[in-house]
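Here the structure is laid out as structure tokens; the discussion comes afterwards.
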Amino acid sequence: MTETTHTQTTPPGAAGRPRSPEFRLAADALRGLRQDLFQDAFAYRPLPRMGVDGPLTRRLSGSPRWYAGWTPHAVVAALGVMSMTLALSSSFDSGLFVLLCGLLALAPVLLTLVRPVGAFWFSLGASTVAAVLGRGGWSDWPWLPGSFLAHLVVLTVVALRTRPRTAASMWVMTAVYGFVFGNAFGGHRYDTNVTPMLFLSALILLIVAVWHIRREAAQEVTAQQTVTEHERSRRTLLEERTTIARELHDVVAHHMSVVAIQAEAAPYRVENPPEELEKAFATIRENAVAALTELRRVLGVVRAEDYAAPDAPQPTLADLDGLLANVREAGLTVEKAVTGAVRELPQGVELSAYRIVQEALSNTLRHAPGASARVEIGYVLGGLGLRIVNSPPPAPHLIKPSPGAGHGITGMRERVSMLNGEMTTGPTEDGGYELTVFLPVPTATVIEEDT
């Protein structure tokens, strides 16, 4: 038994043929319009309240500020009342149909507050009914005066609340409606107002489209600025951590080198040292050299190729007088007060304290020119306390914002966090600024260094 397989080829133009990008783009656009204009035409989309954080509304408080959030709703309702008033006052006749025409001009405008797309379709239907009822009293066709204003308001509100593609489609449908009813059913007995409607609505839609573009561009710029500021802060944080790592590398490397040298020289200071002691010192030296090598291998990656190690030793609190002299030459009046028993602290604590004071005084020079500062250093049993406070600047309105604001605080927080310390910042009651830091130092470490 032989099995035969038949292969059927798809003729050109069949359903299996791949479509061009242009065809897919047009199909997606039509699908989106069908979704917006027909399937979801009467979807419930209430107009949200306006934000009250603008330059004018933020000055209000209490009930006026709450009512200010309903301003868009009040404006739409007022335009609807204007449309109804125009419809009622444009007729020389009186009767039930005139009142009905007024309501037909008001209803679609109010409907834009809850169902914007459905309001467009309702406006076309209401315009038709009003035109048929009022053909004996008005000469405009196909939009009576009240319906004309109402349809313009509906197009404007819908354009503000929907996508530009949907608003453009509504304008095209308005043109089709105007030409069909204006020419086919109006004849030559009425003055057609299709051209004024299309011109005014196109002008309004163009203004709304420009407003949409500007708003989207402003939102994109704001988002980019937020991302840029976040990346700038993150880069500053990484740079500060790199600087701290370099300084710690220098400090730890110095101590490990001293340990290795003393361990190597120790056996020669003892006459006839025991073999066990020589082996112990040799082991200490080998471990110190190995730790130093590993430290340089790991932390060496944070050094740039053009980074040069400082020739002078890292600064400590003993060098603080020189720093204060420099800032005094820059025009800052600064005082220093020391409390407690002054003693030598671990080099990492001394270096971090010096850098914190240095950055705090730099911020005072940058952000409070003309102010005076005071540096307080307190040696306590559990660690070191710092307080740097500056007076308010004499002319705060002349201070220009600095592009580097906030990055110095980030670096100081990193140093304090590295030492498991605490740091608080904030304005003082008189308008100045205060920085307080506590750097803990274990008691055993202090006793060991003092001995």
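Give the calculated FRET efficiency between His73 and Phe199 to the nearest 0.05, with a Förster radius of 22 Å applied to their Cβ-Cβ distance.
Numbers: r = 29 Å, r/R0 = 1.30.
Calculated transfer efficiency: 0.15.
Can you pull the semi-axes for segment 315-380, root of five times each eigenvalue of the Cα gyration tensor, sorted largest first, whole Å?
Values: eigenvalues 96, 30, 19 Å².
The three semi-axes for segment 315-380 are 22, 12, 10 Å.
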If you stretched the chain out fully between Val52 and Thr333, how much longer would it get, using 0.36 nm times the residue separation minus the C-alpha to C-alpha distance?
96.7 nm
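Just order 147-155, 103-111 by mean Cβ neighbour count inside 10 Å, highest at the front, would you? Working shown, then result.
Working: 147-155: 25.7, 103-111: 23.3.
Peptide ranking by packing, descending: 147-155, 103-111.
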Highest mean first, how do 221-234, 76-89 rank when packing is the count of other Cβ atoms within 10 Å averaged over residues?
76-89, 221-234
Using 0.36 nm times the number of residues separating Asp40 and Glu239, minus their current alpha carbon distance, what extension gain do you get?
66.3 nm
Count the net charge of all other residues whose Cβ sits under 14 Å from the Cβ of His73, scoring Lys and Arg as +1 and Asp and Glu as -1.
+3
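Using a Förster distance of 60 Å, how high is the FRET efficiency between Val258 and Ala395, based on the Cβ-Cβ distance and rounded to 0.05? Write out the running numbers ahead of the final one.
Numbers: r = 52 Å, r/R0 = 0.86.
The pair Val258/Ala395 has a calculated efficiency of 0.70.
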Cα-projected label distance for Tyr268 with Phe179, points at 7 Å along beta-carbon direction, nm:
10.6 nm
Please list 3J(HN,Hα) in residue order for segment 338-346, calculated via the Karplus relation 6.51 cos²θ - 1.76 cosθ + 1.60 where θ = phi - 60°; whole Hz, with x for glycine and proline.
10, 10, x, 7, 5, 8, 7, 10, x
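First select every other residue whose beta carbon is under 15 angstrom from the beta carbon of Val389; then total the charges, Lys and Arg +1, Asp and Glu -1.
-3
Arranged from highest to lowest average of other beta-carbon atoms within 10 Å per residue, in what order do the peptides 329-340, 375-386 appear?
The packing order, highest mean first, is 375-386, 329-340.
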Could you give me the ³J(HN,Hα) list for segment 267-281, computed from phi with Karplus coefficients 6.51, -1.76, 1.60 and θ = phi - 60°, whole Hz, x at Gly and Pro?
x, 7, 8, 10, 7, 6, x, x, 5, 5, 5, 5, 5, 5, 5
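Read-outs throughout are calculated quantities, based only on the coordinates presented, and are distinct from any laboratory measurement. Being a predicted model, the structure only gives us computed values, none of them experimental. Cβ sites come from the backbone with ideal geometry, for glycine too, and all protein chains shown count toward neighbours.
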